[in-house]
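Shown next, in structure tokens, is the structure this report addresses.
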Amino acid sequence: MSAESLTNSLPYLLAQAHRSVHGELDAALRQEDLPVEHWRVLRALESGDGRTMSELSQIVLMTMSALSKVVDRMTARALVHRKQDIDDQRRVLVYISDFGLELLTRCENHLTPVQAALENRLDPDDAAQLNGLLRKLNGH
């Protein structure tokens, strides 16, 4: 495969877009000393409903072992906490803390310009089409 055919392939273009967007998110979240993966966990928990580690790993696109390390770090920072499920004592649920909610709110102030910049790169019809195509590609 030539370099040109590689850089024009759909898998490459998707990886390049991911890298670009992740970098922009990382730069914005760095202002609050929050890695992108930690932000995704906070967003997944922001409703206040607890989630099992298994549910959380599916939502935030992380392996269980990586998520476990992230949740440990976030617990040490008081961003989240674990609690036994009252309906099933064998399950442990992860919840966002009040401090985690405050941090998430501050982060949104930094991320709003990132979202706007992404949307400005495409006209609204292209953005809607891309959203639909990515959902279709991901089986939604």
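From the list Leu130, Leu93, Leu122, Leu134, exactly one residue is of a type outside the set (Ser, Thr, Tyr) and touching a residue at least 24 places away in the same chain (Cβ under 8 Å). Which is it?
Result: Leu93 is the single residue among Leu130, Leu93, Leu122, Leu134 that is of a type outside the set (Ser, Thr, Tyr) and touching a residue at least 24 places away in the same chain (Cβ under 8 Å).
Regarding the range 81-93, can at least one residue be identified that is closer than 17 Å to Leu34 by Cβ, at pLDDT 95 or above and in contact with a Leu (Cβ under 9 Å, 6 or more places away or on another chain)?
Scanning the range 81-93, I find no residue that is closer than 17 Å to Leu34 by Cβ, at pLDDT 95 or above and in contact with a Leu (Cβ under 9 Å, 6 or more places away or on another chain), so the answer is no.
Among the residues of the range 88-119, write down those that are among the small types (Gly, Ala, Ser) and exposed (fewer than 15 other Cβ atoms within 10 Å of the Cβ).
Of everything in the range 88-119, those that are among the small types (Gly, Ala, Ser) and exposed (fewer than 15 other Cβ atoms within 10 Å of the Cβ) turn out to be Ala116, Ala117.
Please verify whether Arg19 is modelled with pLDDT of 95 or more, closer than 20 Å to Asn131 by Cβ and loosely packed, with under 13 Cβ neighbours inside 10 Å, treating the condition exactly as stated.
yes
Could you grab the pairs with beta carbons closer than 6 Å, sequence gap of 6+ or different chains, first residue in the range 7-19 and hydroxyl-bearing (Ser, Thr, Tyr), second one part of a helix (DSSP H, G or I)?
If the second residue must be part of a helix (DSSP H, G or I), the pairs left are Tyr12/Leu6.
Output the helices (runs of 4 or more DSSP H) that fall wholly within the range 42-140 and possess 2 or more residues being closer than 25 Å to Asp26 by Cβ and under 15 Å from the mean Cα position of the chain (by Cα), or say none.
In the range 42-140, the matching helices (runs of 4 or more DSSP H) lie at 53-60, 64-76, 98-120.
Within the range 22-55, restricting attention to residues that are of a type in the set (Asp, Glu) and more than 17 Å from Val92 (Cα to Cα), which residue is surrounded by the fewest Cβ atoms within 10 Å (Cβ to Cβ)?
Asp33
Failed condition for Lys83, given (1) surrounded by 14 or more Cβ atoms within 10 Å (Cβ to Cβ); (2) in contact with a Gly (Cβ under 9 Å, 6 or more places away or on another chain); (3) of a type in the set (D, E, K, R), with all others met?
Lys83 satisfies every listed condition except (1).
The values are calculated or read from the model by the stated rules, or taken from the named source; none is laboratory data. Owing to the predicted nature of the structure, the values given are computational and were not obtained by experimental measurement. Because the Cβ atoms are built from the backbone with ideal geometry, glycine has one as well, and the counts that use them run over all protein chains shown.
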